[in-house]
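The values are calculated or read from the model by the stated rules, or taken from the named source; none is laboratory data. No experiment lies behind these values; they were computed from the predicted model shown. Here the Cβ positions follow ideal geometry from the backbone for every residue, glycine too, while neighbour counts run over all protein chains shown. Calculation scope for accessible area: heavy atoms of the full protein, side chains included, ligands and nucleic acids excluded. Shrake-Rupley method; radii C 1.70, N 1.55, O 1.52, S 1.80 Å.
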Amino acid sequence: MKKKQYEQALEPMQLELAAVARWLQHTGKRLLVVLEGRDTAGKGGAVGALSDHLNPRQCHTVALPKPSDREAGQWYFQRYVPHLPAAGEIVLFDRSWYNRAGVEKVMGFASEEQVAHFLKQVPVFEKLLVDDGILLFKYWLCCDQDKQEERFAERLEDPLKRWKLSPIDLKARERYQAYTDAREAMLEATHSKHAPWTLVDFNDQKRGRLTLIRDLLDRLPDREVPTPEIEYPPLGHPPLEERYRALEPIRNFDDD
């Protein structure tokens, strides 16, 4: 999908997202979006498309690092609970508690017993969230291996994206089928009536973002809240220049 075509389709959806943010503030509702998928699927880009034009004080992105020694000894969901949305907030999980059913299982960071226990507990945990009024949406971003290989190669070649390529990513290349098996077990155990999964094709990431956002907007309740009117009177005098007494600004960048 061409960039201009993508941006033209995205702009009206981002206006709708801004309306959703006003509606959440007005009603005190809480919105939680879980984004899961393979490495390189496009979770970060989806988070950006959702949040770029929202107030960062209201819309929070959560991308937790690996657990500390203390966190590893806690109830598994405990480290995620403090990041759940409060009234009027949006929280976007760029990976979530589903790490246990994915990377932790495939890479051997969790035992089979721990994974099985998690798969039994997570529908109960999510029902508690939904029953408390949280609007929970779970998206799996679908990505074929040829696209994953293409994106890994791009990360390797681009110094600005090299940080995205970790040793775990390299091992993931060898375990594509193992991740597939883990995903299928996860979907079977955790696709529930109260917290269903939605699968979105992200082989074309721009189309994937548009599809995901459109789906999210269409599934939210009626959210019409009038835009508040703001009085903006004339300044009343010529604009003033910024002046400093003790210091001077550094020179502007000159591309010559």
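Here are some notes:
- Being within 17 Å of T190 (Cβ to Cβ), within 23 Å of the chain's Cα centre (by Cα) and open to solvent by 40 Å² or more (accessible area, probe 1.4 Å) is a property that R95 has.
- Residues located in region 204-213, provided they are within 12 Å of M1 (Cα to Cα) and either open to solvent by 40 Å² or more (accessible area, probe 1.4 Å) or part of a strand (DSSP E or B) (or both): D204, Q205, K206, R207, R209
- Cβ-Cβ distances below 7 Å connect no pair with a first residue in region 157-179 that is closer than 18 Å to G42 by Cβ and open to solvent by 80 Å² or more (accessible area, probe 1.4 Å), a second residue that is among the β-branched types (V, I, T) and not in a helix (DSSP H, G or I), and a separation of six or more residues or different chains.
- Restricting region 116-138 to residues that are part of a helix (DSSP H, G or I) and aromatic (F, W, Y), the residue that is surrounded by the most Cβ atoms within 10 Å (Cβ to Cβ): F118
- Cβ pairs under 7 Å, 6+ apart, first in region 51-74 and in contact (Cβ under 8 Å) with a residue 12 or more places away in the chain, second assigned to a loop (DSSP other than H, G, I, E, B): Q58/G88; Q58/E89; H60/E89; A63/R95
- Residue match in region 55-73 (condition: closer than 27 Å to D201 by Cα, in a helix (DSSP H, G or I) and out of contact with any Leu (no Cβ under 8 Å at 6 or more places or on another chain)): no
- Scanning region 188-200 for residues that are part of a helix (DSSP H, G or I) and either exposed (fewer than 15 other Cβ atoms within 10 Å of the Cβ) or among the polar types (S, T, N, Q) (or both) yields E188, T190.
- Flag if E113 is open to solvent by 40 Å² or more (accessible area, probe 1.4 Å), of a type outside the set (F, W, Y) and more than 22 Å from the chain's Cα centre (by Cα): yes
- Pairs meeting the criteria (first residue in region 87-103 and over 25 Å from Q25 (Cα atoms) and touching a residue at least 24 places away in the same chain (Cβ under 8 Å), second residue open to solvent by 10 Å² or more (accessible area, probe 1.4 Å) and among the aromatic types (F, W, Y), beta carbons under 8 Å, at least 6 apart or on different chains) are W97/Y76; W97/F125; R100/Y76; G102/Y179; V103/F109.
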